[in-house]
Each structure stands twice: as C-alpha cells, then as structure tokens.
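Note sheet for the following structure.
The values are calculated or read from the model by the stated rules, or taken from the named source; none is laboratory data. As the structure is a computational prediction, the values presented were derived from the model and not from experiment. We place every Cβ from the backbone using ideal geometry, glycine too, and count neighbours over all the protein chains shown.
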C-alpha cells in the first residue's frame, strides 16, 4: 500500500521532474507567439494555434507528437501529405479578386520580380552551408506566402517546418515595418510622386472565368510539379467567378479554410519541440527569411524603376514593392507611402494589380523551382 | 552535382522561368480579353 502511494505521488510529479530548460524556453516562445497574435494582432489566425501547439508539444511527457499522439495524427494526415496547405490555397483562390490584374496584365511582371529574393536567398543559404534541399526550404520564405512555404518545407525539409513557417508568417505580418525603409532608400522623391492614371478596362465575366482555367492548364503544363499549388488556387478562384457553386465557394473560404488553418497552426507549433527548434540554425533561418523578404521588396522596386524608365515615367516604382504575396497588406503599404509624398496620388489599384501578380508569382516561382529540381534529378520523378 | 552548380542553375532558371511564365500569362490575359470582350455599355436614355 505504502509503495503504491509513493508511486502514485511520483507519477503526479513526473512532468515536473522531466521539465528541462529547453521545455521552459519553448513554452516561453509559444507564449510570446500567443502574445504577438492576441495583443499585437500579428497574423492571429496562425500565431494563436502555432503558439498553443508549441506550448502543448513542450509539456514533458505529453507525447503530442509521438506515434498515435493527438497532434501527430493531424500532422500525418495533413502536413506530411501536404494536403493542409493545398486546402488553404483553395480558400485563398476563392477570396482573391484578380480583376485589377486582368485590367492591367503587364503589372504581373512585378509579381515575378518580387520573387527574386527566393533565389538570391537560396545562394546565401548554400554559402552558409545548408544542404541543398534545406536551402530550398529556407529560401521559400521569400515567397512571402505561408502555405507555399509550408508546402515546400514539409516536402523537402520537414525538420525545419516550424522555423520556416514561423519566419514566413512573422515577416508577412511585419511587411508594414520592413518595406517602407527599403522603398525610401531605393527611390527618389520625384519617383515616389509619380501619379499613375486610372486603368478603366472593362473585363467580361467570361474572361474572369477563363482566367483560372487557362492559368491552370498553361502553368501546370510548363511546371507540372507545381500543379497542386497552381490548381488549388485557381480552382478556388474559378468557384468564385463562375457563380454557380456559391455553397462550395463559401465553404472553401470559410469552414474549410478555418478548420484547416486551426489544424495546420497546431501542427506547425507542434514541430517546435525544444530539441529540434533551439538550435543556432533556427536563428540563421529567421535571419535569412528577413533577408529574403527584403530582397523581394528591393528587386520589385528596382524592376518598377526599370518599367518606369521603359514607359517614359508612367509607372511609379513604389508599386514594385507590392509584387509579393502578402495580399493586400503590401498594396496598402504602397498606397500609404505614395500618399506621404503626394496627397493626390492613388496607387492602391495599381499596387493591388502588382500584389495579385505577387500571389500568382509566388506559386509560379515555387512550381518552377519544384520542376527544375525534378529536372535536375534532385527530387523524384 | 556540386553545391554551386546546383545553386546557380536553380537560381538562374528559377528567376528566368518565373519571369517567362508570368510574361506569357500576361499575353494570355490579353488574348482572353480580346476573345471574350466585355459587352459595350449601353448609353443611358434621357
């Protein structure tokens, strides 16, 4: 009886006895993410479940990510299979209005320039000694697109999923702080004051319906490995525009996106176990992610300057900064920055075009990357 | 394949491939717009 009592009491303290400094630090980091999400409003839909997942997985003996564990179950069916980010993409497609881009299609090129940070960061990561596929996973933070980052890192470097995802979502929410200094450094006051005329190009409903179908077929044939990414975004957008599957569209942008966001966030948080996350490499990943998004902004603006020169000064280079996937936050930053220098300047719709181009651009960049990797034999056929 | 051959190949083809695909998409948008033009707005009476 006495020994049973002692064993029972010991069982009650097993968690405390197994609590190490790593667990404590990670619980604090999880709490910090909760604070940023709840009090500061930084990407709360993701940071709250990520933060909570990080706390849960670092409770000693909780075995959340052990075989058969509560979160491990969702991780295996949704993250390991890459299904969760793809379901999120359907919702993103259903929420995105590509009309500004259809009105002014040449602006889509800014969405390509806004992805160059991915590839420059890839070279930096390789220079710092990352393995090839690890470098790919780090560089994809530059897509400035959470689901793409999760899709690519869970495919090639699942051990880095937590750090890559946290970096991607954190920097996306910090776009209003990261971009303006770069915009000011790379443009002259005269350039920032350029007024862009309104583009009033009527777009037929058939064009809006044909757009996702044509993009899916064309881009997927060119970069087949990216077909899941491109196809899901465009499926969502087709459901939005065709007008005959309103229930599916609403489910995609609401119920499905909400449920998957919750489970995805929990799973990402649960990859942040102390022994995997508390490494010097995590800090390097966070630094490279910051560099990637800064480079995206810089190259986008420089490409905007090139377009400005080629069009005889009709394009305000600031809109190049919106060629990233942080939609519509980046477009709003451009609008605010432009109005600081010219109160009569309304860059929002042009920046929205570039921003929509950035959304497509990030998916295309990842698709191209996956297909090139396949072509080089780095990943399976 | 050594690291730098891998890196430069992926970076160069990645950047040019992304730019090329999006440029072609912009041409396709122009083509779709031409094939399916928006109906002309009817002038208001009165």
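Considering every residue within the range A:216-223, establish whether at least one is away from chain B (no Cβ under 14 Å), in a helix (DSSP H, G or I), in contact with a helix residue (DSSP H, G or I) (Cβ under 8 Å, 6 or more places away or on another chain) and at pLDDT below 95.
Looking only at the range A:216-223, we keep the residues that are away from chain B (no Cβ under 14 Å), and these are none.
Scanning the range A:216-223, I find no residue that is away from chain B (no Cβ under 14 Å), in a helix (DSSP H, G or I), in contact with a helix residue (DSSP H, G or I) (Cβ under 8 Å, 6 or more places away or on another chain) and at pLDDT below 95, so the answer is no.
Could you please let me know if residue A:158 is surrounded by fewer than 18 Cβ atoms within 10 Å (Cβ to Cβ), more than 14 Å from chain B (Cβ to nearest Cβ) and within 30 Å of residue A:273 (Cβ to Cβ)? Even if it seems obvious, please write down each step before you answer.
Details: surrounded by fewer than 18 Cβ atoms within 10 Å (Cβ to Cβ): yes; more than 14 Å from chain B (Cβ to nearest Cβ): yes; within 30 Å of residue A:273 (Cβ to Cβ): yes.
Against the criterion (surrounded by fewer than 18 Cβ atoms within 10 Å (Cβ to Cβ), more than 14 Å from chain B (Cβ to nearest Cβ) and within 30 Å of residue A:273 (Cβ to Cβ)), residue A:158 qualifies.
How many residues are crowded, with 19+ Cβ neighbours inside 10 Å and closer than 22 Å to residue B:35 by Cα when one looks only at the range A:183-208?
Summing the residues that are crowded, with 19+ Cβ neighbours inside 10 Å and closer than 22 Å to residue B:35 by Cα in the range A:183-208 gives 3.
Before we move on, is residue A:11 out of contact with any helix residue (DSSP H, G or I) (no Cβ under 8 Å at 6 or more places or on another chain) and more than 29 Å from residue A:156 (Cβ to Cβ)?
Working: out of contact with any helix residue (DSSP H, G or I) (no Cβ under 8 Å at 6 or more places or on another chain): yes; more than 29 Å from residue A:156 (Cβ to Cβ): yes.
Against the criterion (out of contact with any helix residue (DSSP H, G or I) (no Cβ under 8 Å at 6 or more places or on another chain) and more than 29 Å from residue A:156 (Cβ to Cβ)), residue A:11 qualifies.
Give the residues of the range A:348-357 that are surrounded by 24 or more Cβ atoms within 10 Å (Cβ to Cβ) and over 13 Å from residue A:92 (Cα atoms), sorted by residue number. Write out each step before concluding.
Going residue by residue through the range A:348-357, those that are surrounded by 24 or more Cβ atoms within 10 Å (Cβ to Cβ) are A:350-357.
Those that are surrounded by 24 or more Cβ atoms within 10 Å (Cβ to Cβ) and over 13 Å from residue A:92 (Cα atoms): A:350, A:351, A:352, A:353, A:354, A:355, A:357.
Counting only residues that are touching a helix residue (DSSP H, G or I) at 6+ places or on another chain (Cβ under 6 Å) and more than 16 Å from residue A:326 (Cβ to Cβ), which one in the range A:80-90 is modelled with the lowest pLDDT? Steps first, answer last, please.
Here is the first cut: in the range A:80-90, the ones touching a helix residue (DSSP H, G or I) at 6+ places or on another chain (Cβ under 6 Å) are A:82, A:84-90.
This time we only want the ones that are more than 16 Å from residue A:326 (Cβ to Cβ), so: A:82, A:84-87, A:90.
Numbers: A:82: 88, A:84: 94, A:85: 92, A:86: 94, A:87: 95, A:90: 96.
Here the residue is A:82.
All but one of (1) touching a residue at least 40 places away in the same chain (Cβ under 8 Å); (2) buried (at least 17 other Cβ atoms within 10 Å of the Cβ) hold for residue A:241, so report the exception by its number.
Evaluating residue A:241 over (1) touching a residue at least 40 places away in the same chain (Cβ under 8 Å); (2) buried (at least 17 other Cβ atoms within 10 Å of the Cβ) leaves (1) as the failure.
Go over the candidates A:11, A:15, A:93, A:22 one by one and state the one that is within 17 Å of the chain's Cα centre (by Cα) and either assigned to a helix (DSSP H, G or I) or touching a residue at least 60 places away in the same chain (Cβ under 8 Å) (or both).
Criteria check complete, one pass: A:93.
Residues A:122, A:102, A:133: which one is under 16 Å from residue A:288 (Cβ atoms), within 9 Å of chain B (Cβ to nearest Cβ) and in contact (Cβ under 8 Å) with a residue 12 or more places away in the chain? Lay out the reasoning, then the answer.
Details: A:102 fails: under 16 Å from residue A:288 (Cβ atoms); A:133 fails: within 9 Å of chain B (Cβ to nearest Cβ).
The unique qualifying residue is A:122.
In the range A:258-291, what residues are buried (at least 21 other Cβ atoms within 10 Å of the Cβ) and not in a helix (DSSP H, G or I)?
A:271, A:272 - these are the residues of the range A:258-291 that are buried (at least 21 other Cβ atoms within 10 Å of the Cβ) and not in a helix (DSSP H, G or I).
What tally of residues in the range A:35-58 results from selecting those that are surrounded by fewer than 16 Cβ atoms within 10 Å (Cβ to Cβ) and either over 15 Å from residue A:266 (Cα atoms) or out of contact with any helix residue (DSSP H, G or I) (no Cβ under 6 Å at 6 or more places or on another chain) (or both)? Walk me through it before giving the result.
Start the filter on the range A:35-58 by keeping residues that are surrounded by fewer than 16 Cβ atoms within 10 Å (Cβ to Cβ), which leaves A:35, A:38-41, A:45.
With the extra rule that they be either over 15 Å from residue A:266 (Cα atoms) or out of contact with any helix residue (DSSP H, G or I) (no Cβ under 6 Å at 6 or more places or on another chain) (or both), the set shrinks to A:35, A:38-41.
The number of residues fulfilling the criteria is 5.
crowded, with 17+ Cβ neighbours inside 10 Å, within 14 Å of chain B (Cβ to nearest Cβ) and modelled with pLDDT of 90 or more: is that true of residue A:363 in this structure? Talk me through it step by step, then tell me what you get.
On the way: crowded, with 17+ Cβ neighbours inside 10 Å: yes; within 14 Å of chain B (Cβ to nearest Cβ): yes; modelled with pLDDT of 90 or more: yes.
Against the criterion (crowded, with 17+ Cβ neighbours inside 10 Å, within 14 Å of chain B (Cβ to nearest Cβ) and modelled with pLDDT of 90 or more), residue A:363 qualifies.
Can you say whether residue A:168 is more than 11 Å from chain B (Cβ to nearest Cβ), under 23 Å from residue A:77 (Cα atoms) and at pLDDT 90 or above, as far as the supplied structure shows? Walk me through it before giving the result.
Working: more than 11 Å from chain B (Cβ to nearest Cβ): yes; under 23 Å from residue A:77 (Cα atoms): yes; at pLDDT 90 or above: no.
Spelling it out, it is not the case that residue A:168 is more than 11 Å from chain B (Cβ to nearest Cβ), under 23 Å from residue A:77 (Cα atoms) and at pLDDT 90 or above.
For residue B:31, are the conditions met, namely being within 13 Å of the chain's Cα centre (by Cα), in a helix (DSSP H, G or I), more than 7 Å from every other protein chain (Cβ to nearest Cβ) and modelled with pLDDT of 95 or more?
Numbers: within 13 Å of the chain's Cα centre (by Cα): yes; in a helix (DSSP H, G or I): yes; more than 7 Å from every other protein chain (Cβ to nearest Cβ): yes; modelled with pLDDT of 95 or more: yes.
So residue B:31 fits the description; yes.
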